Amino acid sequence: MDDAGVPELRATIAAHRALIEKGRAELRAAYEAKPMTTALLRGYAALADATIVHLWEASKMPGDATLAAVGGYGRGEMFPASDADLLILLPAPPDAELRARLEVLVSALWDVGLAIGHSVRTVDECLEAARDDITVQTNLLEARLIAGDAMLFEHFERLYRKQLDPGEFFRAKLLEREQRYARYDDTPYSLEPNCKESPGGLRDLQLLGWIARAAGLGRNWRELARRRLITGSEANDLRGCERFLQHARIRLHYLTGRAEDRLLFDYQEKLALAMGIGPSAAKRAAEILMQHYYLTAKKLTQINGILLLNYAAEILPGRELPAIVIDRDFQMVRELLDIRDDKVFERNPPALFDCFLRLQQRSELKGMTARTLRALWVNRTRINAAFRADPANRAKFIEILQQKRGIVHAFRRMNQNGILSRYLPAWQRILCQMQHDLFHIYTVDQHTLMVLRNMRRFTMGEHAHEYPLMTRLILGFERHWLLYVAVLFHDIAKGCGGDHSVLGMADAREFCDTHKLDPDDAELVVWLVRHHLTMSHVAQKEDTTDPQTVQRFAAIVADERRLAGLYLLTHADIRGTSPKVWNGWKGKLLEDLFFATQRLLRGATPEQALRQDDRLEYARQILRYHGLRSGIEDALWEQLDTVYFMRHSSEEIAWHTRMLYFQVDASEPVVKARVSEKGAGLQVMVYAPDQKNLFVRITGFFSRMGFSILDAKIHTTRRGHALDSFILQHTTDEDNYRDSTALIEHELTELLNAPDKILRPAPGRLSRQVRHFPITPMVSLRPDETNRRYLLSIDAADRPGLLFSIAEVFAHYDINIETAKIATLGERVEDTFLLTGGGLEFNKRAIQLERDLLECLPLAP
């Protein structure tokens, strides 16, 4: 290596370290004297620029090399402890001498006190990296020339812009946002939020800026307002949110002396005082700070939702379709609920509840338009005493609780838009209220919504593997929506002083009385609020092996309905405090107490939940009808889990048992087919030792045979056998299914006995209906509560071979399907899979899977 220039470089290090320390001290002093975020952030970037440029020049880099700032540093913003991300752009890969010179430069940058992130790439390497990695693509979006060859930088920018697809960038950033939100439990209201990465944090503001920049929509909030993507007021609100979050992050960095973005309990009080927030008569400074933070995050997520909808309309315009009228107040526009005019809520205030009901009742609606969201917020104050006293409005609120779908989404939207706290004044007390204890990690209102989510999950088959007993209990619980009422009020009196369980009874009783609940139902709700901590206390803190303990608890409970309701509420409540609080030990304590109490109340050994018991008993009756002796089913049934029995009818269970009871340990595939119970298609059962690509092979076979899969239920037995059942319908509407049964049994068995043989389906086209009424495909991948399995939901238009294409993606990623629920509703598919393997615990891998699945889903032009 030529050492020319290196001594000079080394000689400047000490001087520049001193200059940087002096510059940082001056910036901090100026900020403390007059806290202005823009001046500080740009000052840090300018300080880094001056040092980096000088060291670059001292290193005597080749004249055709380019040095660029990327990421936040590229925007010209640096927080006190931020890294300076650099891109060293070269016309060709570096030789050994240049590599050594670059190493000296990077080492010098660290030596002067800069935290450096760097990459050395050619233009082609940059473009290739951007194609494969949305993070790289985003960093390069904000590239800024610092030093070196301007022509090379302009050449790179021109090619990068040419390659950049705003629509694809928009979709990828939304997928990335979804994964980021999932890491923070989809809530801004954690008690120790990350002011950068959590929902409602700085990253959400940056996301809005990145998308606008990629699509050429604007470079700041005012430019977006001029394009009417947001209002002037919303632009001011965004800037206000940005300033508050920037102040919080700056102060955190100064407070901790490092790049700390979490508002941990350890820092909150000091941070509040540093930001000029003092205590009040009723609240500590930290509580006031965090309430300000949550309200900021709430406002930000509100405007974020509106702006992303408007971005979608600009970036993904698609084909303009006429609005579909729903009723006198609402219409559907681009699969979103839209008010028919801006004065709907002013003219008809009860429509404030109707919009949530419409979303629940119409699965084709994916959300609300931007103007509907704005109108909700603006008109929330129309929910006044007269509105709350109107029996029709009270009935609609109960109706929202009784819907089959969308309950959690409805209440989250009502809370986000200020509707819930206007209708339930007591809710205002817990809005953004912190909980200082060892268990809760959310504010009281968000904890309550988490508990509501958990309670709803107990009713859903796709979560039965997580909560098998709860699922059986709630499905047998008459009017289980009453449990949702108990959830809403179980912590409503927190922060009022005294025992919130006792104080909350008054609010719950008033609600039940004003909403005309049946007296027995009202007593149940009030009792659950009063005792929502009792079962947890007894199970964890008393000796449940002592008969007197169980007898005392049984005396409090008094009947099985209360016991089931309390068990469900306790489970949902504990799981809603923090993902780390729940464990198997607590579950075992609660379960033991539940069954012990049930024995006392019944006077007998506990039975399985009513619906499953009835289903299994009827299946046994069918087996006896066919002449099979009692107990013949045990060998097979012992290998099956709750999910299997939930998802199959008694007739299906009996049919599977009759076909398999004598070959439970079969080493060869067993394929059986019959005309479905209603004669509308074929029912096929496949039982075989689980094998690689089994699902791909089966779906490919059915598609090649001209069958569309209307429903699929995928299960794996405890001994590792696949037990899959399918409902098929011929794509040509052929109804002579009986003649196909023997052919399917023979051909599919032959195929499965041929290792690795796959029959690919013939290519197909979208139906005419889908071409005229396009369905936006949606893919959602989330970990279950164990973080060992992943729930994948797919909502898309159907097409021939679609399930095969999905299965191929799974196979490519080496993903195992534990269970699957395939639902074909006309031209629409709504599929849910429980997955393991495939490296899904890695964020980049999960995002790529979602992108690959979206690519294989049909989207009409």
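The values are calculated or read from the model by the stated rules, or taken from the named source; none is laboratory data. Since the structure is predicted, the reported quantities are computational estimates derived from the model, not experimental observations. Virtual Cβ from ideal backbone geometry, glycine too; neighbours counted across all protein chains shown. When the accessible area is computed, the model is the full protein with side chains, heavy atoms only, and any ligands, DNA or RNA have been set aside. Shrake-Rupley method; radii C 1.70, N 1.55, O 1.52, S 1.80 Å.
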Cα centroid separation, region 239-307 to region 491-570 (Å): 36 Å
Alpha-carbon spread of region 679-755, three principal axes, descending order, Å: 37, 23, 18
Length gained when the stretch F265-T549 is fully extended (0.36 nm per residue, less Cα-Cα span): 98.5 nm
Low-density loop cleavage sites - GluC sites (Glu not before Pro) in region 830-861, where at most 14 other Cβ are within 10 Å (DSSP): E841
Bridge type composition, region 59-182 - antiparallel percent by DSSP, nearest 5: 55 percent
Percent carbon-and-sulfur accessible area, region 452-574, ignoring ligands, DNA and RNA, probe 1.4 Å: 50 percent
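Only sites in a loop by DSSP and with at most 10 other Cβ atoms within 10 Å count here; which trypsin sites (Lys or Arg not before Pro) in region 365-437 make the cut?
Sites meeting the loop and neighbour criteria: K404.
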Binned Cα-Cα distances of region 252-364, short to long, each 10 Å bin given as a whole percent: 11, 25, 22, 15, 21, 5
Scaled radius of gyration (Cα, divided by 2.2 N^0.38 Å) that region 633-763 gives: 1.01
All lysines inside 17 Å of K713 as judged from Cα atoms, apart from same-chain residues fewer than 8 positions distant: K672, K821
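Using square roots of five times the C-alpha gyration tensor eigenvalues, list the equivalent-ellipsoid semi-axes of region 310-399 in whole Å, biggest first.
After diagonalising the Cα gyration tensor, the semi-axes are 26, 14, 10 Å.
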Loop GluC sites (Glu not before Pro), region 635-740 (other Cβ atoms within 10 Å of the site Cβ: 14 or fewer; DSSP): E638, E677, E734
Qualifying aspartates and glutamates (Cα of each under 12 Å from Cα of K343; at least 8 residues distant if same chain): D329
J(HN,Hα) series, region 649-662, from Karplus relation 6.51 cos²θ - 1.76 cosθ + 1.60, nearest Hz, glycine and proline x: 6, 4, 5, 5, 4, 5, 4, 4, 5, 5, 7, 10, 4, 9
Region 461-547: projected area of the alpha-carbon convex hull, averaged over directions, in nm²: 7.8 nm²
Which of R479, R239 is most accessible, then next, and so on - probe 1.4 Å: R479, R239
Descending semi-axes in Å of region 417-460, equivalent ellipsoid built from Cα gyration tensor: 19, 17, 6
Region 36-84 - percent of accessible surface contributed by carbon and sulfur, probe 1.4 Å: 53 percent
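Please pull out the direction-averaged projected area of the chain, using the convex hull of its alpha-carbon atoms, in nm² to one decimal place. Before the final figure, lay out each step's value.
Numbers: hull surface 167.0 nm².
Its average projected convex-hull area is 41.8 nm².
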Aspartates and glutamates with Cα under 17 Å of K516, excluding same-chain neighbours fewer than 8 positions away: D390, E399, D507
Long-range HN-HN contacts of F330 with modeled amide H, under 5 Å: R340
Note, ³J(HN,Hα) from phi for region 521-535, Karplus 6.51, -1.76, 1.60, rounded to Hz, x at Gly and Pro: 5, 4, 5, 4, 4, 4, 4, 5, 4, 4, 10, 5, 9, 5, 5
Relative compactness, region 43-152, computed as alpha-carbon Rg over 2.2 N^0.38 Å: 1.00
√(5λ) per eigenvalue of the Cα gyration tensor, region 19-92, largest first, Å: 27, 13, 7
Antiparallel DSSP beta bridges within the chain, as percent of all bridges there, nearest 5: 90 percent
Length released on extending from Y661 to S233, taking residue separation times 0.36 nm less the Cα-Cα span: 147.2 nm
Helix 6-33 vs. the chain, principal-axis angle (Cα, 0 to 90°, nearest 10): 70 degrees
Surface per residue (accessible, 1.4 Å probe) for the chain, Å²: 44 Å²
Estimated 222 nm signal from helices in the chain, with DSSP H stretches of n ≥ 4 weighted -39500 (n - 2.57), rounded to 500: -17000 deg cm²/dmol
Amide H partners (placed H, <5 Å) of T122, local residues excluded: L90
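Stretched out fully, how many nm does the piece from E57 to R28 gain, at 0.36 nm a residue minus the Cα gap?
7.6 nm
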Filter on K299/K366; K494/K586; K283/K494; K692/K757 - keep pairs with C-alpha separation over 19 Å: K299/K366; K494/K586
Nonlocal amide H pairs with L337, under 5 Å, H built at 1.01 Å: K366, G367, M368, T369
Under Karplus coefficients 6.51, -1.76 and 1.60, residue-wise ³J(HN,Hα) of region 69-80 in Hz, glycine/proline x: 8, 10, x, x, 4, x, 6, x, 10, 9, 7, x
